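Undergrad: After the C-alpha cells below, expect a handful of questions from me.
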Amino acid sequence: MGSSDDSDIDPLPALRRRLEAATQAAFPEEAGTDPLLHRSAHADYQADLALALGRRLERNPREVAAAIGEKLAPDEVLAEASVSGPGFINLTLRPEFIAGRLAAMAADPALGVAAATPETVVVDYSAPNVAKEMHVGHLRSTVIGDALVRLLERQGHRIVRQNHIGDWGTPFGMLMEHLADEQGTGGEAGVRELGALYRAARAKFDADPAFAERARRRVVLLQSGDEATLALWRGVIEISIAHCSSIYERLGITLRPADVAGESHYNQLLPEVVAELEAKGLARPSEGAICVFPPGFTGREGQPVPLIVRKQDGGYGYATTDLAALRHRVRDLAAERLVYVVGAPQTQHLAMVFATGRLAGWITDAVRVEHVPFGSVLGPDKKMLKTRSGEPLPLSALIDEAIERAEKVVAEKAGELDPQARSAIAAAVGVGAIKYADLSSDRIKDYVFDWNRMLAFDGNTAPYLMYAHARIRSLLRKAEGAGAGPPVLAAPEERALGLELLQLGPTVARTAESLQPHRMCGFLYQLATTFTAFYESCPVLKAEEPARGSRLALCELTARTLALGLDLLGIAAPEQM
Ligand code: ARG
C-alpha cells in the first residue's frame, strides 16, 4: 500500500482502501462490501461491516472481524486494528499520520475543504411577500438559504440566487390605492417605512368600503398593465426592496437587489406556460379552470388533486408562476441543481410543481431538484412567534432586541474593550445568536425562540463558539508569533483535537449534500468542546518546546477552523471579545 494515494486530508479514504483490501483478502467473494466506517468514541475509527457480513455468511461476526483484522497489517497510516464488542473493528491511526494530515490542512488556505465538480445551482430563498415589512416568518428561509449558498459557493459551485418575492396580487391593490390618495394630498408616502404604509392602507381598507372597492379595481388595473398603476406599483416595490436590503445588510445576508426575480417577473410568460402544458396534453379544463393532475397526488377519497394553472376567472396564481419560474431556471439560467428553501407547509405544492416540470420535460434526469423544508419559529407559548398585538414580529424589531440584549452580555464579558469595539461585537453576537439558534436545530422541526438560551456563553450557541474563537486568538496574540511547530500528538487530548479538526472537510461535504446546516453547527460545537478539554489538560504558553510549538499550531488551526465554519453559516468571528 503506497502512501502516494493517502494524500486526502480526511483519513477516511485511506482507511476505506485498507478495509476493502483486507476484506478482499479474507473473503474474496465479498470484496465489494461497504466497510461502514465512522468516527467512534471507542477508537479513532470503527468499521461495522463484520456484523452484516457475518449474517450473510452465517458466521460469527467476531470471527469475521478477526479474519479481516488479521489482514490489516500496521503501516504508515494504521497503527493497530482490533476486534471489539459483537464484531466491531477498531482502528487506531498512527500519530505521525494524523500530524501529517494536520500539517497539510494548515498549509491549505481552504483548510482541506475540497472543491466539488462545479454545478450551476439555483437557490430560491428568503422570498418574502413584500406588501409589508419583513417579519419572523421570513427568518428561516433567509438564514438557512444564505448558509446553504455560502457552503455551496465554497465548494466551487456557480450559485444563482433567486429571491422569488411576492410582489403581485391583491395586497398591492390596497397599497397602490392608498399611495394614489396620498399623492393627491401631496403626502410623502414613498419614503415612509413600508410597515406604516401597509397598516394605514389596511386600516382604510377595513373602515372604508368605497376605498376597498377602489383597491380591488386597482388589482385589475395592475394585471391589465395600466401604466399609471404600474408606476405606483414600481414605487411600492422599490420601497419594499430597499427595506429588504436593509434587513439583509443587518443580518449579513448575501442577497442583493439584482437577485430579485419576484412573482411579477413571470407575469408575461404565464399564458404561454399554460399553452405549452395544454399542447403537451398535461393541462385540461376542469370545473371552469385549467388544471394539471400529476399522477401520484390524490386526496382522501383517492380523487386526483389538481394543480390549478388558470383559475375560473381567467387569472393565474402562485402555481403557474412557480411553473414559469422553474422553466426559466432550467432553460435560461441553465440550472443543474435547483434548491428551494421554502417552509414545510408548501411541500405538496412544490412536489406537484416539480412533478409537472418533469412531465413537461423541463426537468430532465440531468437536473436535480430539491425542496429544503423547515419548521416554524415558536414563541414561549409554543405558538407562532407574534408581537403583543398578535402581528408577526417584524425582523427589524427582532434584530434591535438581539443587539440590545447582546450589549448587556458582552459588557459583562468584555468590559475592558472600548465602547466602539464593544458595540461592534454586540451587533455580531446578537445577529449571530439569532442565526445560529435557527441553523443549529434540525431544520425540519419547529423550535422555540429563547433569548436566554441563544445568548448564553455555554452550550451549542453562537456566543460560545465566537468566544472560543476569540479566546484562542487572544492566546495566539500573547504567544507573540512564536513559530508554531509541526504538531506532535502525545497526550490523548491532543490526539482527540487533531482527529476532530480533520473532520472539517467531510463535514462541509456532508452538510452540502444533505443541505442540513445543523451538521456544521454540531461539528463546530464538538470541536470547541474538544478544544476546551485539550486546553484544560495541556498548557500551551507555559509548555516547553517542542510541545509549545505543537500546541500553538493546534490552537491556530482550531481558530481558523472555527472562523471558517462560522463564516459558512454567515456568522462573524471577532478577533476579540
Ligand atoms: N412568497 C412565498 C411565501 O411567502 C414563498 C416563495 C417561495 N418560493 C417559491 N418559488 N414558491 O410563502
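Undergrad: Which one of ALA52, ALA73, ALA66 is touching a Gly at 6+ places or on another chain (Cβ under 9 Å) and over 30 Å from ALA115 (Cα atoms)? I'd like the intermediate steps shown before the answer.
TA: Working: ALA52 fails: touching a Gly at 6+ places or on another chain (Cβ under 9 Å); ALA73 fails: touching a Gly at 6+ places or on another chain (Cβ under 9 Å).
Just one listed residue meets the conditions, ALA66.
Undergrad: Only one of LEU417, LEU385, LEU326, LEU398 is free of Cβ contacts under 8 Å to residues at least 60 places away in the same chain and surrounded by 16 or more Cβ atoms within 10 Å (Cβ to Cβ). Can you tell me which? Quick ask: steps written out before the conclusion?
TA: Working: LEU417 fails: free of Cβ contacts under 8 Å to residues at least 60 places away in the same chain; LEU385 fails: free of Cβ contacts under 8 Å to residues at least 60 places away in the same chain; LEU398 fails: free of Cβ contacts under 8 Å to residues at least 60 places away in the same chain.
Answer to the check: LEU326.
Undergrad: Continuing with this model, one more query. Scan region 535-550 residue by residue and report those that are at pLDDT below 95 and not in a loop (DSSP other than H, G, I, E, B).
TA: ALA547, ARG548, GLY549, SER550
Undergrad: Could you please give the count of residues in region 66-88 that are under 21 Å from PRO506 (Cα atoms) and not in a loop (DSSP other than H, G, I, E, B)?
TA: Of region 66-88, the ones under 21 Å from PRO506 (Cα atoms) are 77-78.
Now narrow it down to the ones that are not in a loop (DSSP other than H, G, I, E, B): 78.
Residues meeting the conditions: 1.
Undergrad: Within 21 Å of the chain's Cα centre (by Cα) and polar (S, T, N, Q) - does that describe any residue in region 321-344?
TA: No, every residue in region 321-344 fails to be within 21 Å of the chain's Cα centre (by Cα) and polar (S, T, N, Q).
Undergrad: If only one of VAL113, VAL77 is β-branched (Val, Ile, Thr), in the same structural domain as GLU30 (by TED's automatic domain parsing), closer than 30 Å to ALA563 by Cα and surrounded by 20 or more Cβ atoms within 10 Å (Cβ to Cβ), which one is it? Working first, answer last.
TA: Working: VAL113 fails: in the same structural domain as GLU30 (by TED's automatic domain parsing).
Just one listed residue meets the conditions, VAL77.
Results for (1) free of Cβ contacts under 8 Å to residues at least 40 places away in the same chain; (2) within 15 Å of the ligand (Cβ to nearest atom); (3) over 19 Å from ARG161 (Cα atoms), shown as yes or no for each residue.
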| residue | (1), (2), (3) |
| --- | --- |
| LEU338 | no, yes, no |
| THR347 | yes, yes, yes |
| TRP362 | yes, yes, yes |
| ARG368 | yes, no, no |
| HIS371 | yes, yes, no |
| LEU378 | no, no, yes |
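Undergrad: Separate question: So which strands (runs of 3 or more DSSP E) stay within region 242-336 end to end and still have 2 or more residues that are within 16 Å of the ligand (Cβ to nearest atom), on the phi < 0 side of the Ramachandran plot and modelled with pLDDT of 95 or more? Reasoning before the result, please.
TA: Values: elements: 283-286, 289-292, 307-310.
Those strands (runs of 3 or more DSSP E) span 307-310.
Undergrad: Is at least one residue of region 1-9 surrounded by 19 or more Cβ atoms within 10 Å (Cβ to Cβ) and at pLDDT 95 or above? If you could, list the steps in order and put the result at the bottom.
TA: Restricting attention to region 1-9, the residues satisfying the condition of being surrounded by 19 or more Cβ atoms within 10 Å (Cβ to Cβ) are 6, 9.
In the following step, the residues that additionally are at pLDDT 95 or above were identified as none.
Checked against the condition, which is being surrounded by 19 or more Cβ atoms within 10 Å (Cβ to Cβ) and at pLDDT 95 or above, region 1-9 yields no hits at all.
Undergrad: Looking at region 432-486, which of the residues that are within 18 Å of the chain's Cα centre (by Cα) and of a type in the set (D, E, K, R) is surrounded by the fewest Cβ atoms within 10 Å (Cβ to Cβ)?
TA: Per the stated criteria, the residue is LYS445.
Undergrad: Just one of the numbered conditions (1) under 17 Å from GLU336 (Cβ atoms); (2) touching a Phe, Trp or Tyr at 6+ places or on another chain (Cβ under 9 Å); (3) surrounded by fewer than 22 Cβ atoms within 10 Å (Cβ to Cβ); (4) of a type outside the set (Phe, Trp, Tyr) is not true of GLY166; which one?
TA: With respect to (1) under 17 Å from GLU336 (Cβ atoms); (2) touching a Phe, Trp or Tyr at 6+ places or on another chain (Cβ under 9 Å); (3) surrounded by fewer than 22 Cβ atoms within 10 Å (Cβ to Cβ); (4) of a type outside the set (Phe, Trp, Tyr), GLY166 is out only on (1).
Undergrad: What single numbered condition from (1) within 13 Å of the ligand (Cβ to nearest atom); (2) at pLDDT 95 or above; (3) crowded, with 16+ Cβ neighbours inside 10 Å fails to hold for PRO392?
TA: Of (1) within 13 Å of the ligand (Cβ to nearest atom); (2) at pLDDT 95 or above; (3) crowded, with 16+ Cβ neighbours inside 10 Å, only one is false for PRO392: (2).
Undergrad: In addition: Does VAL353 meet the test of being farther than 18 Å from GLU276 by Cβ, within 14 Å of the ligand (Cβ to nearest atom), of a type in the set (A, V, I, L, M, F, W, C) and modelled with pLDDT of 95 or more? First the steps, then the outcome.
TA: Working: farther than 18 Å from GLU276 by Cβ: no; within 14 Å of the ligand (Cβ to nearest atom): yes; of a type in the set (A, V, I, L, M, F, W, C): yes; modelled with pLDDT of 95 or more: yes.
Spelling it out, it is not the case that VAL353 is farther than 18 Å from GLU276 by Cβ, within 14 Å of the ligand (Cβ to nearest atom), of a type in the set (A, V, I, L, M, F, W, C) and modelled with pLDDT of 95 or more.
The values are calculated or read from the model by the stated rules, or taken from the named source; none is laboratory data. Note that the structure is predicted; figures quoted are calculated from it, not measured. Here Cβ is always computed from backbone atoms with ideal geometry, including for glycine, and neighbour counts include all displayed protein chains.
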